[in-house]
Structure formats: structure tokens, C-alpha cells
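Before any comments, here is the structure.
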Amino acid sequence: MNLYPEAAVPDPGVPDRKEAEARRMLAGLPLPPVPPDLAARALARGRRLRAHRRLRRRLGWLLALLAVAALTWTAAAQPWVPPPSRTTPPVEGW
Amino acid sequence: MRERRPVQQRRHAREFESFVAGAAGRLFRAATLLTGEPAAHPAPAAEELLIHALARTYADWDRLRGEDPYERTRRELADRFARTARRHRRPRGGPLDRLTPQERLVLVLRLHEGVAEEQTAAQLGLPAERIRALCRHAVAALRSHRPVRRVRGGGAP
């Protein structure tokens, strides 16, 4: 809702008229003949695009899952802790 | 779910094809104006541009959420053209040959497609004043160019 219609048109007259003329000129241009297989080619490419996106999404999920599994294993197994030594060093000098 | 997918895909493909049948003429003219190719000849650059935009629209067909597919395709078209504008600097004999790619883009969005100034500015990431200046300049260049192609149907040789 425009309460001030005169404020919405900053520069009435010449530029507007020129623009309207250009608009009419563009609208009057002939429509170029559309290649007949345009829709089919766009469709095929769109399908390929979708398939690629799906593949990328799945790979991303797989990677995330692997990361979670690795973290869980690391937290549980704590591989940085050295294993308890099984052998006692020989005691001498008794 | 597995069974329903092909059915849904076929329906989307049908919807997409009828959309293209209705909108392709106008979109293709916009694309040829952008690339600067004359309408009477084959326009491979405009074709590539439009097919790219249409393919992206189709890829998101089930996620348009009420957005008009025409507007979506126009947005894709403009975005792609803005990214690849350098390829379209060379004149090709079309009616907007005298303009720079950016001027052509603004002119097509504002006057051919009738997109509002603010919306054009938001889409291209430019201030509205810049859009107005570009549009004014493009219109002036078009008018100075016009006498050459006043004859209807008489394109470039």
C-alpha cells in the first residue's frame, strides 16, 4: 500500500518514458525459435545433477558415521595409554 | 517409499516438461538478449545458459516450496550469467550488442522481465542506485543504437 504515490516516482517524465519505450522495444522483439530438445536435455542434466547431489550426500553421511565410530572406539579403547607391563624387571643384589 | 519414487519422478518430469513448454520461449529470448546472440540464428551460448538454469530448477523441483519455477529459473539464469559474464563481452550481433554484460543483465531483469529495482539490487548484490544508473545508461545506449535496427526482422548480416 503506497500512501504517497507521488513520492514513489522520483523522476517522472523523460527517463520513465524512455524506459517504457525500451520495455516495449524488448517486448516487441521476435521470440527466437526454441531448440526442440531443450526440455529433454535440461531434464537429463537435472537428473544427473540430482544423482550427483545424492551421491555426495551419502558419502558425507558415510564419512560422518565413520568419524563417530572412530571417536567411540578411541574413547573406549584409549590407545594412547601404554599397556601395563607384564614383565617385572629382574631384581638383583639381594 | 522405494515403489513410490519412480511414480513421483515421472510426475515431476511431466510437470517440468509442461513448465518448459510454456516458459521456454520467453526465457530463451531473455537468454539470447543476455548473451547478445541474434534471435534468427542458432544461439549455443544462450542455449547452454538456459539448459543449465532449467536443469538446476528441475534438480530442486520437489523443494521449490511454492516458489514459482519461472522465477527460480530466471534467478539461476541471472546468477550463472553474472558469474560467467566475462565470456559474453565480445559482440555477437544481437540487439543489445553495444551494452556491457552487466548493463545487459540489468536491462533484461528490469525491463524484459519486469523485476523490481530493489529485487534486482538484492539479487545482484548491488545498491539500488547503481541498478538505476546502469538501467538508465543501458536505455540511453539502446536508444542511440536504435536507428540502425529500426527495420523489423533485419538483424545483423
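Could you please give the count of residues in the range B:84-102 that are in a loop (DSSP other than H, G, I, E, B) and surrounded by fewer than 19 Cβ atoms within 10 Å (Cβ to Cβ)?
9
Quickly run through the range A:17-52 and pick out the residues that are under 37 Å from the mean Cα position of the chain (by Cα) and more than 7 Å from every other protein chain (Cβ to nearest Cβ).
Residues satisfying the conditions are A:ALA27, A:PRO33, A:PRO36, A:ASP37, A:ALA40, A:ALA44, A:ARG47, A:ARG48, A:ALA51, A:HIS52.
What do you reckon, is B:ALA24 more than 7 Å from chain A (Cβ to nearest Cβ), within 11 Å of the chain's Cα centre (by Cα) and crowded, with 20+ Cβ neighbours inside 10 Å?
Judged against the criteria, B:ALA24 is not a match.
Please go through the range B:34-67 and give me each residue that is at the interface with another protein chain (Cβ under 7 Å from one of its Cβ atoms) and in contact with a Pro (Cβ under 8 Å, 6 or more places away or on another chain), ordered by number.
Of everything in the range B:34-67, those that are at the interface with another protein chain (Cβ under 7 Å from one of its Cβ atoms) and in contact with a Pro (Cβ under 8 Å, 6 or more places away or on another chain) turn out to be B:ALA39, B:ALA43, B:GLU47.
Take the range B:8-21 and flag every residue that is within 8 Å of chain A (Cβ to nearest Cβ) and not acidic (Asp, Glu).
Across the range B:8-21, the qualifying residues are B:ALA13, B:PHE16, B:VAL20, B:ALA21.
Here are some conditions: (1) assigned to a helix (DSSP H, G or I); (2) among the small types (Gly, Ala, Ser); (3) touching a residue at least 24 places away in the same chain (Cβ under 8 Å). B:ALA55 meets all but one. Which one does it not meet?
(3)
Answer yes or no: is there a residue in the range A:81-92 that is surrounded by 11 or more Cβ atoms within 10 Å (Cβ to Cβ) and out of contact with any Cys (no Cβ under 6 Å at 6 or more places or on another chain).
Checked the range A:81-92: no residue is surrounded by 11 or more Cβ atoms within 10 Å (Cβ to Cβ) and out of contact with any Cys (no Cβ under 6 Å at 6 or more places or on another chain).
What is the residue count in the range B:97-109 for residues that are closer than 15 Å to A:GLU19 by Cβ and either at the interface with chain A (Cβ under 8 Å from one of its Cβ atoms) or of a type outside the set (Asp, Glu) (or both)?
Qualifying residue count, the range B:97-109: 5.
Results for (1) at pLDDT 95 or above; (2) acidic (Asp, Glu); (3) out of contact with any Asp or Glu (no Cβ under 6 Å at 6 or more places or on another chain); (4) under 22 Å from B:GLN119 (Cα atoms), shown as yes or no for each residue.
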site	(1), (2), (3), (4)
B:GLU37	no, yes, yes, no
B:GLU48	yes, yes, yes, no
B:ASP62	no, yes, yes, no
B:PRO69	yes, no, yes, yes
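State which residue pairs qualify: first residue modelled with pLDDT of 90 or more and inside the range B:79-99, second residue among the hydroxyl-bearing types (Ser, Thr, Tyr) in any location, beta carbons under 8 Å apart, and separation of 6 or more residues or different chains.
B:PHE81/B:THR35
Filter the range B:28-44 for residues that are without any contact (Cβ under 8 Å) to a residue 60 or more places away in the chain and crowded, with 18+ Cβ neighbours inside 10 Å and give the result.
B:PHE28, B:ALA31, B:THR35, B:GLU37, B:ALA43
Considering only residues that are without any contact (Cβ under 8 Å) to a residue 60 or more places away in the chain, within 11 Å of chain A (Cβ to nearest Cβ) and either buried (at least 17 other Cβ atoms within 10 Å of the Cβ) or not in a loop (DSSP other than H, G, I, E, B) (or both), which ones fall in the range B:110-126?
Once the filter is applied, which keeps residues that are without any contact (Cβ under 8 Å) to a residue 60 or more places away in the chain, within 11 Å of chain A (Cβ to nearest Cβ) and either buried (at least 17 other Cβ atoms within 10 Å of the Cβ) or not in a loop (DSSP other than H, G, I, E, B) (or both), the range B:110-126 yields B:ARG110, B:LEU111, B:GLU117.
What number of residues within the range B:80-103 satisfy the criterion of being among the hydrophobic types (A, V, I, L, M, F, W, C) and in contact with a His (Cβ under 8 Å, 6 or more places away or on another chain)?
1
The values are calculated or read from the model by the stated rules, or taken from the named source; none is laboratory data. Only a predicted model underlies this, so the values are computations on that prediction, with no experimental measurement involved. Heads up, the Cβs are rebuilt from the backbone with ideal geometry, glycines too, and the neighbour counts pull from every protein chain shown.
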